[in-house]
1. How big is D, in µm² s⁻¹, for the stretch B:7-167 by Stokes-Einstein at 10 °C and 1.306 mPa s if Rh is the Kirkwood radius over C-alpha pairs?
2. What does the stretch A:47-120 give for Rg and for Dmax, in Å, if only its C-alpha atoms count?
3. What are the semi-axes of the equivalent ellipsoid for chain B, taken as the square roots of 5 times the Cα gyration tensor eigenvalues, largest first, in whole Å?
4. Compute, for the stretch B:295-472, the length of the dipole vector about the Cα centre, with Cβ point charges of +1 (Lys, Arg) and -1 (Asp, Glu) only. Units Debye, rounded to 20.
5. Projected onto the charge dipole of the stretch B:307-416 (+1 at Lys/Arg Cβ, -1 at Asp/Glu Cβ, origin at the Cα centre), which of B:Gly364, B:Ile375, B:Trp402 gives the Cα projection farthest towards the positive end?
6. Can you sort B:His158, B:His116 so the residue with the fewest Cβ neighbours within 10 Å comes first?
7. Average the reciprocal distances over every distinct pair of alpha-carbons in the stretch B:332-473, invert the result, and give the Kirkwood radius in Å.
8. To the nearest 20 debye, what charge dipole does the protein assembly as shown have about its Cα centre, counting +1 at the Cβ of each Lys and Arg and -1 at the Cβ of each Asp and Glu?
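Please treat every number below as a calculation from the coordinates, not as lab data. Just so we're clear, the structure is a prediction, and the values are computed from it rather than from any experiment. Cβ atoms come from the backbone with ideal geometry, glycine included; neighbour counts cover every protein chain shown.
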Amino acid sequence: MIEPFTVLSSRTVVLPVDNIDTDQIIPARFLTTTQRDGLGRHLFADWRRDAANRPREDFVLNRPGAEGARILVAGRNFGCGSSREHAPWALLDYGFRAVISTEIADIFRSNALRNGLLPVVIDADSHAWLLAHPGAEIGIDLRDCTVRMAAGREAGFEVEPFARHCLLNGIDPLGWLLSQVPAIQAYEDRAACRA
Amino acid sequence: MTAPRTLFRKVWDRHVVVPETAATPAVLYIDLHLVHEVTSPQAFAALRERGLKVRRPDRTLATVDHSVPTAEASWASGLGEMDHAARYQVRTLGENCGRSGVRLFGVNSARRGIVHVIGPEQGATQPGMTIVCGDSHTTTHGAFGALAFGIGTTEVGHVLATQCLLQRLPRTLLVELEGRLGPGVTAKDVILGVIGRIGVDGGTGHVIEFRGEAVSAMSMEERMTLCNMAIEAGARAGMVAPDETTFEYLAGRPMAPQGEAWERAVVEWRELNSDPGAEYDRSVTIDVGALEPQVTWGTDPGMVMPVSGRIPAPAGAGHRKALDYMGLSAGAAIAGQPVQVVFIGSCTNSRLSDLRAAAAVLRGRRVAPGVRAMIVPGSQQVRAAAEAEGLDRVFRDAGAEWHQSGCSLCIAMNGDRAAAGQYVVSTSNRNFEGRQGQGARTLLASPLTAAASAITGKVADPRPLLEEGRRIA
């Protein structure tokens, strides 16, 4: 059971870098875990801290105002690279519930949706506005798939309908997949006949 | 008369258990599920929490590769210095496989290796299959005309429990590679060139089909290198239609069909190509006849250039950030850039032909002083085959390290890592910041270019060394 997602209102954190790969989101040396929790402290580890483990003051998550923000606005092609689901786990554990970009990599998007981290792809103009207004208070409404910004500015977005249904209702898609087992069994029986 | 279909569509259609609707994705059957230690423990745990069993252990194959050390010294000491967490992760996979009846090529197996090397090597990877793994480089298996793609851990759990995935039909992208590769130019250079052309998100949402004269001429190992990095263009999968080269590679492999079953399979596999007139959502044609060896200068695989070229002027903040991280200057030649580490290995370039290519450059030469050259075979079988033909001697005589198999310096979570500031010429697939160690700087290249760089101690075009080798021979 995942927590239902309907409306999210929060300040944004803006990370205006294109092609942020999952190695940046969570470096591989933290992947020897067999758990899925507790990864938030390693989120963007090498951008947050220097080699001597001191916070890098210029990194956005170390600046005042980042604390408590639940929406990350990032550059194009967010989440590219490795399939590690540790990336959305780390973002969620840190406190984010949504990522906004003009493009989000396929595997990351799928992983995010399975964990209740909403991947939001919006048009370039709205994205530019968000980049220009770091820390803006915005709302993301999954019921009508709309991002609401200041002064009546709105942007629509699309979410795969089944994933959206699952998120809105807190449904685990595995339950539905398990309900298809009779069809899966029939497919396997047909395949066995063919072989 | 059915409409002409692409190779991808033929494989997809055969695996649809429940068709997609506006409200629900397709239920897609998975023929082969490859499993490794890093992305599976949470999935097995999720099954246990729900009281679910692995539905088809016979369609599941596991190995350990990411977090296992490769240094000879580590193995000589019985992996005594292996990281505690990594050791627990490897043991957890063993327990999970033991409980569920999943076949595991474990730490002590002679069939162990990088998951994307052993699937084809064992003949588990076959044309027309759907193949998934909790690893983005699963695209490698598309070289056989399989639909193969990486998934996250939650979906690993879905496949363990149901042997199926919920999937929307992806789009298709045809990449037509015309021309014949020049001497010293490899499949690695081709895929780097393709990514440079279409971009690291050029394939997002698409399954790529590679075809054309250059692809037909490639060996299976070259096609694997090509498809391996389809993900670096953002693609879901890369595919090549199976042909005689494919069948020849697979014949007689332990997990491939044998006897009459083989004959029947080949008849079926011959149907696996795109029909004339089949439509793709997009297509791009690239002439690779004049392609030079490629090397990356930045922090994603699309930041790539010919080895004889000069580092391009930065196009935007991303390029400036990359140059800053890499400590390189626009306008400078990349050839001649001093390097400290050379890594020949990874699921991209660690097969026997890659090692032979490296040996062709290293034979009778010495690695430059101050350069650490690591040769890491993709599997224990590759290692044994290389040793049988004396390649290990060539490497050792040249002053290079000869390792046990594994992911090694491609992912640097197993004891192998480069130091901050070091330049690494690497045959792996990702030059992301910190990928090979915090602060380490990766330049992706072919095994030939990597070996030439090891000899000269600088980024080097391998072609003069190959030419010199031929004159001496």
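1. 97
2. Looking at the stretch A:47-120, its Cα Rg and Dmax stand at 12.8, 35 Å.
3. Calculated on Cα positions only, the semi-axes equal 33, 27, 22 Å.
4. Roughly 200 debye for the stretch B:295-472.
5. B:Gly364
6. So the ranking, lowest neighbour count to highest, is B:His158, B:His116.
7. 14.6
8. Its charge dipole is roughly 1040 debye.
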